[in-house]
Amino acid sequence: VLASLPLQMMLYFNLYYFPVWFLAEGMMLQLKYQLLPQHYQFLLVAAFLILSLAEGSRLYLGYVGNLQEK
């Protein structure tokens, strides 16, 4: 079984788009943070952190799994 080239290409491009998404989402969070009620502020920050960690983990595991043929 060989590594999947289309998957590797998608991971490669996603690796470059993830920081752009992270910065854009972080700036949007900063802009609207003060306008939201406190419970929405907490939920928004929690969702941002969870999505960021999940995406970083997904990219890492995708690279490792695809290159090691797992």
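Here, each number is a calculation from the coordinates, and none is a lab measurement. Owing to the predicted nature of the structure, the values given are computational and were not obtained by experimental measurement. Here the Cβ is made from the backbone with ideal geometry for all residues, glycine too, and neighbour counts use every protein chain on show.
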- For ALA47, net neighbour charge (Lys/Arg +1, Asp/Glu -1) across residues whose Cβ lies under 15 Å away: -1
- Nearest-0.05 FRET efficiency for LEU61 and LEU23 at R0 = 30 Å, using Cβ-Cβ distance, is 0.85
- Task: Using only Cα atoms, tell me the angle between helix 38-67 and the longest principal axis of the chain; keep it within 0 to 90° and round to the nearest 10.
- Result: 10 degrees
- Note on the structure: Taking Cα atoms, the helix 5-32 axis meets the longest principal axis of the chain at an angle in degrees (rounded to 10) of 10 degrees
